[in-house]
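Working notes, beginning with the structure itself.
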Amino acid sequence: MNYQFNWAMLITEPYFGWIADGVLTTLHLALIAWCIAFVLGVAVGSCRVSGSAVLRLFGGAYVELFRNIPLLVQLFLWLYVAPQLLPADTRLWWNRLDSVPYWTAVIGISFYTSSRIAEQIRAAMNAIPQGQFRAALSTGLTPVQMYRHVILPYAIRIMLPAITSEFLTVFKNTALALTIGVLEITATTRKIEAWSFKGIEAYTVASLTYLATTVAVIGVMTWLERRLYIPGLIRRGG
Amino acid sequence: MTAPIIQIQDLGLAFDGFTALDGVSLDVMAGQCIVVCGPSGSGKSTLLRCVNGLERFQRGDVVVDGTSVRDCRDLPRLRRGIGMVFQHFELYPHMTVLENVTLAPIKAKGLSKAEAERVALHYLDQVGIADQAGKHPGRLSGGQQQRAAIARALALEPKVMLFDEPTSALDPEMISEVLRVMLDLARSGMTMLVVTHEMGFAREVADRIVFMDRGSIVETAGTAQFFSASQTERAREFLHKVLAKI
């Protein structure tokens with residue numbers, strides 16, 4: 001092999017600054033998208049199990065729409081098609097924003113991920129015994145109070161392992177944002193390779209970034225699972 | 001003469017073509033303890049759930065303390081006055097016993113946390129598990145869980161208590177500790193509608209026994225009369241099986 005390794009270049013400018021920017025972009029893109037996805041997912045998932053047929057229909061349509069189109073295609077749709085549907089002045093405002101690709105990626109990844117979280121919420125709520133609903137209502141809680149204090153906290157504890165996987169998936173899905181021009185860590189890596197022809201070093205940085213963040217996420221979620229562990233109900237493990 | 005606190009009037013309920021209740025009428029006076037028995041699928045639990053509006057019925061009505069369940073615009077308020085105890089306890093597993101008991105008094109009734117905890121501890125003490133208040137339900141025995149569930153219902157200071165097979169999921173040795181709490185409650189003058197197969201309990205405190213089969217009341221009789229001289233063949237057959245347990 002004739003390849004000359006040059007690991008030291010990674011901590012020289014401009015590469016180091018690029019890497020730092022790329023890592024940060026990946027991190028906040030994933031975090032913002034995940035938070036929005038979680039809120040939307042809980043709301044849509046609750047619609048899917050609600051007593052109202054209209055809400056159930058809405059929830060079902062939402063999930064099928066965002067779950068069944070590839071994320072890559074959705075990103076292109078949000079970038080090229082969705083702005084065309086906006087009123088002219090809103091479209092102008094949007095196109096003048098500094099970071100249209102970034103916010104497009106936030107929207108695309110959030111909606112896609114929320115459809116998956118909604119399904120997990122629905123599955124978790126369906127796993128809760130009917131008696132819990134009846135017990136909560138029998139004490140005079142309103143349906144909203146029942147979901148807020150009894151059903152959702154219970155469901156979220158059941159679905160924590162699934163949420164962990166989803167969180168990891170969000171991190172890795174942010175790599176797709178490079179296709180619409182977001183300089184997250186994978187795009188940065190390609191840029192470094194193009195400038196320096198040092199592909200191995202560059203891609204090692206990207207791989208290690210994903211590995212380190214996902215390991216950190218697993219650590220945090222394991223801690224959270226311990227904290228929210230329900231004594232005597234869910235077997236402690238993992 | 002005062003009006004009955006629960007009036008069940010010609011109640012009819014069907015789902016998916018199956019008739020769960022077919023013209024059930026029953027009056028319960030304040031302070032009475034009524035035991036409802038009958039084979040599984042006879043509509044006993046469904047009947048209880050109609051009383052606090054957990055089940056939607058198609059025919060007839062239930063009037064609780066002057067409020068029609070059918071026309072009730074504020075079911076949470078109605079339900080606060082009716083405590084309910086379930087076969088599988090249905091404590092919220094992610095909360096401590098104390099949180100289980102104080103949730104509804106705080107959220108539904110608007111008590112302060114301190115006041116709700118004072119009330120909760122009073123009732124937990126009454127059912128004999130005040131020392132378990134800080135534990136999660138999963139750490140308690142079945143009997144303790146069911147007593148906690150009774151305290152949760154009592155903490156709203158209801159006028160009526162509904163018991164839906166409260167001892168059916170318990171080991172034999174834990175049945176008695178739950179029954180004792182229920183006996184005390186009945187003797188203290190609580191109005192109780194109890195679905196159970198515990199005929200010893202029925203004999204001890206029931207004012208009347210209602211025997212149901214296939215969605216209808218087959219026989220209703222005073223306790224002594226029910227055990228000594230049931231009017232219907234079906235009730236005699238059932239009693240024989242329940243008492244012999246083989």
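Interface between chains A and B: roughly 2000 Å² of accessible area buried, both sides summed (probe 1.4 Å, protein heavy atoms only).
Net charge dipole, segment B:133-229: roughly 320 debye, given to the nearest 20, about the Cα centre with Cβ charges of +1 for Lys and Arg and -1 for Asp and Glu.
Straight-distance candidates among the aspartates and glutamates for linking to B:LYS113, with alpha-carbon spacing under 20 Å and chain neighbours fewer than 8 residues away dropped: B:GLU99, B:ASP125, B:ASP131, B:GLU157. Summarising the label geometry, the points placed 7 Å from Cα in the beta-carbon direction at B:GLU237 and A:LEU211 lie 7.3 nm from one another.
Subtracting the Cα-Cα distance of A:VAL39 and A:MET9 from 0.36 nm times their residue separation leaves 6.6 nm of extension gain.
For chain A, what is the relative contact order in percent, using Cα pairs closer than 8 Å and at least 6 residues apart in sequence? Once normalised by length, the contact order is 28 percent. Compared with the alpha-carbon gap, the fully stretched path from B:ASP10 to B:ASP22 is longer by 3.6 nm at 0.36 nm per residue.
Just to be sure I understand: if I project the alpha-carbon convex hull of the protein assembly as shown onto a plane and average over all orientations, what area do I get in nm²? Walk me through the numbers before you get to the answer.
Working: hull surface 129.2 nm².
Average of the hull's projected areas for the protein assembly as shown equals 32.3 nm².
In terms of packing, defined here as the mean over residues of other Cβ atoms within 10 angstrom, the peptides B:229-236, A:185-192 line up highest first as A:185-192, B:229-236.
Within straight-line reach of A:LYS172, meaning a Cα separation under 27 Å, sit the following lysines at least 8 residues removed in sequence or on another chain: A:LYS191, A:LYS198.
Computed as a quarter of the hull surface, the mean projected area of the alpha carbon convex hull for chain B stands at 14.0 nm².
Between B:GLU204 and B:ASP125, what length comes free when the chain is fully extended (0.36 nm per residue of separation minus the Cα-Cα distance, one decimal in nm)? Please list the in-between numbers first.
On the way: separation 79, 0.36 × 79 = 28.44 nm, distance 2.37 nm.
Extra length from B:GLU204 to B:ASP125 when fully extended: 26.1 nm.
The mean number of Cβ atoms from other chains found within 10 Å of a Cβ in peptide B:70-80 is 2, as a whole number. The Cα-based radius of gyration and maximum Cα-Cα distance (Dmax) for segment A:19-228 are 19.8, 69 Å. In a simple Cβ point-charge model (Lys, Arg +1; Asp, Glu -1; nothing else charged), segment A:19-228 has a dipole of about 560 debye relative to its Cα centre. Averaged over the residues of B:133-143, the number of partner chain Cβ atoms lying within 10 Å of the residue Cβ comes to 2. Taking 22 Å as the cut-off for C-alpha to C-alpha distance, list the pairs among B:LYS109/B:LYS135; B:LYS44/B:LYS241; B:LYS109/B:LYS159; B:LYS44/B:LYS135; B:LYS107/B:LYS159 that go past it. Exceeds cut-off: B:LYS109/B:LYS135; B:LYS44/B:LYS135.
Summarising the label geometry, the points placed 7 Å from Cα in the beta-carbon direction at A:LEU97 and A:LEU77 lie 1.9 nm from one another. Report note on the peptides B:73-86, B:90-103, A:62-75: ranked by the mean count of other C-beta atoms within 10 Å, highest first, their order is B:90-103, B:73-86, A:62-75.
If you count the DSSP beta bridges with both ends in chain B, what percent of them are antiparallel, to the nearest 5? Of all bridge pairs located within chain B, approximately 55 percent are antiparallel.
Rolling a 1.4 Å probe over the heavy atoms of the protein chains gives segment A:19-228 an accessible area of 47 Å² per residue.
Taking all pairs of different Cα atoms in segment A:17-119, averaging 1/r and flipping that mean, what Kirkwood radius in angstroms comes out?
14.9 Å
The values are calculated or read from the model by the stated rules, or taken from the named source; none is laboratory data. Fair warning: this is a prediction, and the values are worked out from it, not measured in the lab. We place every Cβ from the backbone using ideal geometry, glycine too, and count neighbours over all the protein chains shown. Remember, those area values only see protein heavy atoms, side chains included, never the ligands or the DNA or RNA. Shrake-Rupley method; radii C 1.70, N 1.55, O 1.52, S 1.80 Å.
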